[in-house]
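The structure under discussion appears below in the form of C-alpha cells.
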C-alpha cells in the first residue's frame, strides 16, 4: 500500500486543527498527518498533542520556536516525509479552505493518472472561489496570470497551496536552495518542478475561504512573491540528479 502523508503548517489554528485532522482520518485509504506547529500562543500544539494519544501511528508533529514562514514549514515537512519513506506527500491548509474530500482526487492524479505533481486548482476551470472579497479574487487570479506570462509556465493556479507530490519530485529538488518563505514558496516549488521536467496536472477544486481563525496573508508576503518571480525568470534551476 502506498504511504501517504499530509503536511499541515499551523499558527493559531485552535478553531480548526482538530476538525481538519479528524476529517482527514475519516477518508478512505490511510492518510497520515504531520503538523508543523510554529509556537502558536492559542494552544494549537496542545490540541495536537492530545490527539496524538488517540492516533499515535498516524499523527505527528514538529514544534518550532515561533513563526518561521510557510516555506520553511513545508521544507521541514518534506524532509521529514522523505526520511520516513512516504511515497506521496501533500500540502494542505488547516482552515478548510482546502476540502479534505478533494485529497483522494489529487492522490489519484499522481498514483493512477501519471502526474508527478497534482495541484488543486482554483482557476483551471474558470474561477472557483467562494467567500473571498472580489478584490482578493482579482489579485489572486491576476497574480497567477502574471506568473504564467513571466515564467512561461502553463499552470493556471500558480499560487495554489493544495498539492500532492510524488516522492521523487521532492528528492530531486534541492530543497535547501528554495529561497522564498511566504506564499511565493508555492510558485517557486511549482516552477522548479516544471523546469526539472516533472509532469504537472491541475485538478479543479472549489476553494472556500476560512470560516474560523484569521488569514496570514500580508503585503510583505505579496511583495516577496512579486520580486521573487522576477528573479526566478533569470535563475538557472538545478536539481539533485
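Numbers for the structure displayed
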| item | result |
| --- | --- |
| Options 151, 106: the member that is modelled with pLDDT of 95 or more and either surrounded by 23 or more Cβ atoms within 10 Å (Cβ to Cβ) or closer than 18 Å to residue 187 by Cβ (or both) | 106 |
| Extreme residue, surrounded by the fewest Cβ atoms within 10 Å (Cβ to Cβ), among residues of segment 82-98 that are touching a helix residue (DSSP H, G or I) at 6+ places or on another chain (Cβ under 8 Å) and more than 29 Å from residue 137 (Cβ to Cβ) | 82 |
| Filter result for the condition that a residue is within 21 Å of residue 193 (Cα to Cα), at pLDDT 95 or above and either surrounded by 14 or more Cβ atoms within 10 Å (Cβ to Cβ) or out of contact with any helix residue (DSSP H, G or I) (no Cβ under 6 Å at 6 or more places or on another chain) (or both), over 117, 59 | 117 |
| Residues within segment 105-129 that are under 21 Å from residue 24 (Cβ atoms), in contact with a strand residue (DSSP E or B) (Cβ under 8 Å, 6 or more places away or on another chain) and not in a loop (DSSP other than H, G, I, E, B), tallied | 11 |
| Hits in segment 50-87 (condition: farther than 20 Å from residue 168 by Cα, out of contact with any strand residue (DSSP E or B) (no Cβ under 7 Å at 6 or more places or on another chain) and not in a loop (DSSP other than H, G, I, E, B)) | 50, 53, 54 |
| Within segment 189-198, tally of residues that are over 16 Å from residue 90 (Cα atoms) and either surrounded by 24 or more Cβ atoms within 10 Å (Cβ to Cβ) or free of Cβ contacts under 8 Å to residues at least 12 places away in the same chain (or both) | 1 |
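The values are calculated or read from the model by the stated rules, or taken from the named source; none is laboratory data. Keep in mind it's a predicted model, so treat the numbers as computed, not measured. Quick reminder, even Gly has a Cβ in these numbers, built from the backbone with ideal geometry, and neighbours come from all protein chains shown.
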